[in-house]
Each structure stands twice: as structure tokens, then as C-alpha cells.
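Asks: Take a look at the following structure, please.
The values are calculated or read from the model by the stated rules, or taken from the named source; none is laboratory data. What you see is a predicted model; the values in this text were computed from it and never measured. Neighbour counts are summed over all protein chains in view; Cβ atoms, including those assigned to glycine, are modelled from backbone coordinates with ideal geometry. Heads up: the accessible areas ignore ligands, DNA and RNA and are worked out on the full protein's heavy atoms, side chains in. Shrake-Rupley method; radii C 1.70, N 1.55, O 1.52, S 1.80 Å.
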Number of protein chains: 2
Amino acid sequence: MDNSSQGLANYLQCNNIRPTYPRVKVLEFLVVQQNHPTAEDIYLHLVREIPSLSKTTVYNTLKLLVDRGLAKVVNIEENEMRYDVILTKHGHFKCESCGKIVDFPVNIEDIGTEGLDGFKIHEKDVLFRGVCPQCLGREKNGG
Amino acid sequence: MDNSSQGLANYLQCNNIRPTYPRVKVLEFLVVQQNHPTAEDIYLHLVREIPSLSKTTVYNTLKLLVDRGLAKVVNIEENEMRYDVILTKHGHFKCESCGKIVDFPVNIEDIGTEGLDGFKIHEKDVLFRGVCPQCLGREKNGG
DNA sequence: CATAAATTTGTAATAATTATAATATTCTAT
DNA sequence: ATAGAATATTATAATTATTACAAATTTATG
Ligand SMILES: [Mn+2]
Ligand SMILES: [Mn+2]
Ligand SMILES: [Zn+2]
Ligand SMILES: [Zn+2]
């Protein structure tokens, strides 16, 4: 296991997750890419290095990371789940043209909760949709 | 077609949607229930009255309503799409215990968009998760 | 009525995720 | 070091929501 993976292995160990090779690599992909990848994205990338890798292992690992609080599910797509290791509060913007998902800062406490008296709130998500600057530029030129 | 359906038929007609019986009934269900139902929910309810109803028709109608701007998709669940005919800006709270989804007022313009300069924003969603008052009460008592 | 257009329906295809059980690996105690 | 227990990985099948497709039905139009 190379140097950059060592810290992640430790991180898993600290959270009582055995740092097996597939697990470290899944976490590494999430941390390095920060792309909110799908399970499929992760599998397709890692299977090149780990030919024996099973998609089930990717799903198992992601479920484990989410259950232990090391990752979060991002539900901005209709059909597929995406995963995020940035645990600090932030919003997600999805470009309807190229599909990419970008983080943006948002002060979630600014959002009032009138009308939710008596509700226990565990999680607050802010999801925007639109077109990113790159795609807007492309529309102006080639479009 | 009964009286309450007549207004909805008109509403469809005004939006250049032929007010067929299944379409009026799907819209009526959305308007009356305001429950953010799934396609399955709608189908199971309406098929009792319209035995010939096909689930494809429900999906077709929902797609039509969304495309023409008469309904919106609510993507608060991981796996299934829900539908909403309330078009004014509001947030959605999902109870993790009983699964119900409730609307709440939210001033979406309050959410800053620093970090999204140059982005064209089409849609802003606010999704909360937690436990509703009824389920909180049940936890305290029946545990 | 005849014909064309639109709608509905049943069936099959897709695709993401989960369930299950066999196999392989790792841990623990002797 | 080794046996047995616990855990992790894998392949496969099952589940489920949604979409694709084409035949059948209904509705509109001349
Ligand atoms: Mn993020
Ligand atoms: Mn709503
Ligand atoms: Zn883009
Ligand atoms: Zn509840």
C-alpha cells in the first residue's frame, strides 16, 4: 500500500473499519476525485487496478462508509446515488447540460424552519440545478 | 365526469392537454391528496376505479404534466420519484420514521449563491430529513 | 362513414441496487 | 504454526422503478 493510502488506512482503522485493499481504494477514489461519483464510476475506475473487484464490494463499502458517517449520499439525480466525503455543510449544483455536480458554500442555518415546529431535523440539503459556466460558453459559441 | 373534475379538465385544456379520463383522474389525485405520491401510489388508487388503467399511462401522464409545467418531480427519496402539483416555492421535509413528506415555507432567495458566479440557476430545492411530531410522540410513548 | 392522429395498453427491456450463499481472507486462541 | 471462528469478497440471482416499443383502442376531422 503506497504512502498516500496509508493515511486513509489509518482513518478507516480509527473508525473501526478494517482497512482492506478494496476499502482503502474506494475511499481514496472518493477523496482524490471529489466528483460525487456513482458506485458504477468507482467500480469502473478501480477494476482496472483490482481485476477481481466485485461491484457488490463497492456497494458494501459505500454502505459501510455512509453508515459509519465517513461519507454521505447525494441524491441529486433521479435514478442513481452519488457519494461525497466532504462532510462539512455545503450545497450541490447540478449542471443539466454536462451533468457534473459542483459544491458551493451555503449557510444552511440561514434557512428558516417556520412551519416545522415540533419536527426533529437531522439533515438539511440544498440542491440547485441549472447550467455551468463552461456549458453556457459552449452554447454561446458552438450552440 | 363529475363536478370537481370539470375544473381540472378545463385546466388541462387551457394547457393544451386533452383532458382524457385517465389524465383528469391522475391530476385529480395529485391535487386532492397533495401527498407527493409515487407513480405506483397513483396507479394503485386509480386502478380500482379504472380497471383497464395501465401503469404506463400513469407514467405518460406524469411526464406530460411535468413537461408542460403543471407538476414537478420531488426527488427526496433515493429510489423513486414523487410528484407535486404545488408550484409555488416551498421546501420538503421527509420523516425518516413514517416516510411522509410535508411541505414547509422557505424563502429560497435567502439562500446565497456566492461561489456560483457565472452559473445559470434554473431550480432551487431545499430538502430536510428528520422525524415528524407524530412519530416523535409515538417514540416517547410506545417506544 | 372513412381516414388520420392521438392515446392507451400490455409486454419487454433497462438499469440501479440489494439479497443470498459460496469462497476466500484475516483474526484469535491454542 | 495451526485450527477454528469471524469477517470480507465474490458471483449470481432477485427486486424494483422506469422507459421503450408496438399493437389496439379511442378521438378528431373531412
Ligand atoms: Mn459535495
Ligand atoms: Mn410539496
Ligand atoms: Zn455543464
Ligand atoms: Zn413520521
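Asks: Provide the percentage of antiparallel DSSP beta bridges, counting only those with both residues in the protein assembly as shown; round to the nearest 5.
Replies: Details: 27 of 35 bridges.
The antiparallel fraction comes to roughly 75 percent.
Asks: At most 11 other C-beta atoms within 10 Å and a DSSP loop state: those are the exposed GluC sites (Glu not before Pro) I care about. Give me the longest piece of chain B that has none. Provide the component values of the computation, followed by the final result.
Replies: On the way: sites that count: B:49, B:78, B:114.
Here the longest run is B:1-48.
Asks: Next up: What accessible surface, in Å², does a 1.4 Å probe find on residue A:111, ignoring ligands, DNA and RNA and rounding to the nearest 10?
Replies: 10 Å²
Asks: What quantity of accessible surface, computed with a 1.4 Å probe and excluding non-protein components, is buried in total between chains B and A, in Å² to the nearest 100? List each step's numbers first, then the result.
Replies: Working: alone 9210 and 9190 Å², together 15340 Å².
Heavy-atom accessible area buried at this interface is about 3100 Å².
Asks: Once you charge only the Cβ atoms, +1 for Lys and Arg and -1 for Asp and Glu, what is the size of the charge dipole of chain B about its Cα centre, to the nearest 20 debye? Kindly include the intermediate steps, with their values, before the conclusion.
Replies: Details: 17 positive and 19 negative charges, 90 e Å.
Once rounded to the nearest 20, the dipole reads 440 debye.
Asks: Using a 10 Å cut-off around each Cβ of peptide A:129-140, what is the average number of partner chain Cβ atoms that fall inside? Please list the in-between numbers first.
Replies: Numbers: counts 6, 7, 5, 4, 5, 1, 2, 3, 1, 0, 1, 0.
The shielding value for this peptide is 3.
Asks: For labels at residue A:15 and residue B:98 in the simple 7 Å Cα→Cβ model, what's the distance in nm?
Replies: Here the answer is 3.3 nm between the modelled labels.
Asks: Using just the alpha carbons, could you tell me how many Å³ per residue the convex hull of segment A:29-102 encloses? Could the numbers behind the result be given before it?
Replies: Details: hull volume 7.1 nm³, N = 74.
It comes to 96 Å³ per residue, whole-number rounded.
Asks: Follow-up. Counting only DSSP beta bridges with both residues in segment B:91-140, what percent are antiparallel, rounded to the nearest 5? Present the calculation step by step, with values, prior to reporting the outcome.
Replies: On the way: 4 of 8 bridges.
Roughly 50 percent of the DSSP beta bridges within segment B:91-140 come out antiparallel.
Asks: Another one. When ligands, DNA and RNA are left out and all protein chains stay put, how many square angstrom of accessible area per residue does chain A have with a 1.4 Å probe?
Replies: Working: 7660 Å² over 143 residues.
Heavy-atom SASA per residue in chain A reads 54 Å².
Asks: Can I ask one more? Using a 1.4 Å probe, how large is the accessible area of residue B:117, given in Å² and rounded to the nearest 10?
Replies: The value for residue B:117 is about 130 Å².
Asks: I'd like the Kirkwood hydrodynamic radius of segment B:91-140, using the inverse of the mean 1/r over distinct C-alpha pairs, in Å. It would help to have the intermediate numbers written out before the result.
Replies: Details: mean 1/r = 0.0770 Å⁻¹.
After inverting the mean inverse Cα-Cα distance, the result is 13.0 Å.
Asks: Shifting gears a bit: Counting each pair of different Cα atoms once, what's the Kirkwood radius of segment A:1-57 in Å, rounded to one decimal? Show your work: numbers first, answer last.
Replies: Working: mean 1/r = 0.0859 Å⁻¹.
Radius from the Kirkwood sum: 11.6 Å.
Asks: Separate question: Choose one of A:93, A:7, A:65: the residue whose Cα lies farthest towards the positive end of the charge dipole of chain A (beta-carbon charges +1 Lys, Arg; -1 Asp, Glu; about the Cα centre).
Replies: After comparing all options, I get A:7.
Asks: Could you pull out every one of the aspartates and glutamates with an alpha carbon less than 14 Å from that of residue B:55, ignoring same-chain neighbours closer than 8 positions?
Replies: Within reach: B:40, B:41.
Asks: Over all alpha-carbon pairs in the protein assembly as shown, figure out the percentage whose distance exceeds 37 Å.
Replies: Working: 10671 of 40755 pairs.
The proportion of pairs with Cα distances above 37 Å equals 26 percent.
Asks: Let me ask something else about it. Is any residue of segment A:97-121 close enough, with backbone N under 19 Å, to a label point placed 7 angstrom from the Cα of residue B:120 along the Cα-Cβ axis, and if so, which?
Replies: A:97-102
Asks: Any chance you could get the radius of gyration and Dmax over the Cα atoms of chain A, in Å?
Replies: Spelled out, the Cα radius of gyration and Dmax of chain A are 17.7, 53 Å.
Asks: Something else: Mind listing the long-range amide H neighbours of residue A:112? Cut-off is under 5 Å, sequence gap 5 or more, other chains count too, H placed in the peptide plane at 1.01 Å from N.
Replies: B:107
Asks: Please list A:83, A:59 from largest to smallest accessible area, probe radius 1.4 Å, with all protein chains kept in place. Display every interim value, and only then the final one.
Replies: Working: A:83 15, A:59 115 Å².
Result, largest first: A:59, A:83.
Asks: Which far-off residues, 5 or more places away or on another chain, put their amide H under 5 Å from the one on residue B:74, with H placed in the peptide plane?
Replies: The list, which skips near neighbours in sequence, is B:82, B:83, B:84.
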